[in-house]
Every structure is written in structure tokens, then in C-alpha cells.
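Just below is one structure, and these are the notes that go with it.
The values are calculated or read from the model by the stated rules, or taken from the named source; none is laboratory data. Please read these numbers as outputs of a predicted model, since none were measured by experiment. When we count neighbours, we look across all protein chains shown, and the Cβ atoms used for this are built from the backbone with ideal geometry, even at glycine. Each accessible area value is taken on the protein alone, full model and side chains, heavy atoms only, with ligands, DNA and RNA left out. Shrake-Rupley method; radii C 1.70, N 1.55, O 1.52, S 1.80 Å.
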Amino acid sequence: MLTTDPHPTADRARYDRATAALDAPLAIVDLDAFDDNAADLVRRAGGKPVRVASKSVRCRALLERALAHDGFAGVMGFTLAESIWLARSGIPDVLLAYPSVDRAGYAELAGDTLLARSVTVMVDDPAQLALIDLARDGGREEIRVCLELDTSLRLLGG
């Protein structure tokens, strides 16, 4: 359970002093609150695995901390380059959240067994499959794809 800090002004002054010599960007994270939030997400997921979104947690150490919690499985990456970096950093299950036109990234995926096994890319149009295939640049590894489908309800021809 999260609580509101009764002394935010005093804490802010203490944080400002502690980080005065550090260059931005930086973050101060209450790790107890972080862990409490992670546990609450797992509870609300009701037994389904939670995939942590890298665009919401922009620090690899915190991504790894979330993944260390029972109930978390994998990272949803923001870009193909970031997804590759996360996989190279040891995260074994990265789903690229958004379709990409990063040809060099696709060539890198197709040329590396570890990356091809660790990264799944999102596509929402058949044309993206052709782009991925052309970008393989001779790479032999299969690139795993996740199909994003529009399943919205359309009534009365709309």
C-alpha cells in the first residue's frame, strides 16, 4: 500500500542536496514503493504474467528489478534498437511494442541467433513483413513476429 509522504518539502531539500553534483537526467526511486507497486500489479493480474513496458520504466536496473518479482515475464520494448540492446543486456524476452522500419535492426536480428530468439517484433500491416524480409541482408535467423490485429467492433457498416 502506498502512502503520501508527510514531509515532502524536507525530502525535496534532502534529495536536492544529494543530487546537486549529478548531471541530469536522473531519477530518485523509492524502491520500497517500486516493489509494492510491482506486487500490486501481479496481484491485479490474477495469475497472468505481467510484461513491463520499457517506455514507462526508462532504467535497465529497474526493469531487471521488476523482472525479478514473481509474476513478471518479459519486457515490452519501445524501439527496435532498444529491444536489441535489452536482449544483448541479458533480457531473454523482449516484445517490440510498435512496428518499425529499422532495416539495420532487422538485419542485426536476422544475423544473430541470441537476438532472433530473444526479440519478437510487432507488425500491423502485411507490407511490414515484406520490409522485414528485404532488410534481412542475408541473415539466416528467423525473425519472430507478433501480429497486431484490429478487432474493434464495427456495427451498421461503420
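Between R14, R88, R140, the Gaussian network model of the chain with springs among Cα atoms under 10 angstrom shows the greatest mean-square fluctuation at R14. Compactness of the chain was expressed as the Cα radius of gyration divided by 2.2 N^0.38 Å, which yields 1.32. Here r is the Cβ-Cβ distance between A45 and V145 and R0 is 25 Å; the resulting FRET efficiency, rounded to 0.05, is 0.50. Our coupling estimate for region 97-104, obtained by passing each phi through the Karplus curve with A = 6.51, B = -1.76, C = 1.60 and θ = phi - 60°, is 6, 10, x, 10, 10, 7, 4, 4 Hz, Gly and Pro reported as x.
An oblate overall shape is assigned to region 109-151, the ratio a/c of its alpha-carbon gyration tensor axes (a ≥ b ≥ c) being 1.5 or greater and a/b not exceeding b/c. For V50, the residues 5 or more places off, or on other chains, whose built amide H falls under 5 Å of its own are F72, A73.
In the context of the full set of protein chains, residues of the chain present 67 Å² of accessible surface per residue (probe radius 1.4 Å, heavy atoms only). Mean sequence separation of contacting Cα pairs (under 8 Å, at least six apart), scaled by the length of the chain, corresponds to a relative contact order of 15 percent. Looking at region 53-158, the GluC sites (Glu not before Pro) that sit in a DSSP loop and have at most 14 other Cβ atoms within 10 Å of their own Cβ are E142, E148.
The helix-only estimate of mean residue ellipticity at 222 nm for the chain, built from DSSP H runs of length n ≥ 4 each weighted as -39500 (n - 2.57), is -12500 deg cm²/dmol after division by the residue total.
Taking a ≥ b ≥ c as the square roots of the eigenvalues of the Cα gyration tensor of region 1-89, is the shape rounded (a/c under 1.5), prolate (a/b larger than b/c) or oblate? Oblate, because a/c is 1.5 or more while a/b does not exceed b/c. Each part reduced to its alpha carbon centroid, region 12-63 and region 94-158 end up 29 Å apart.
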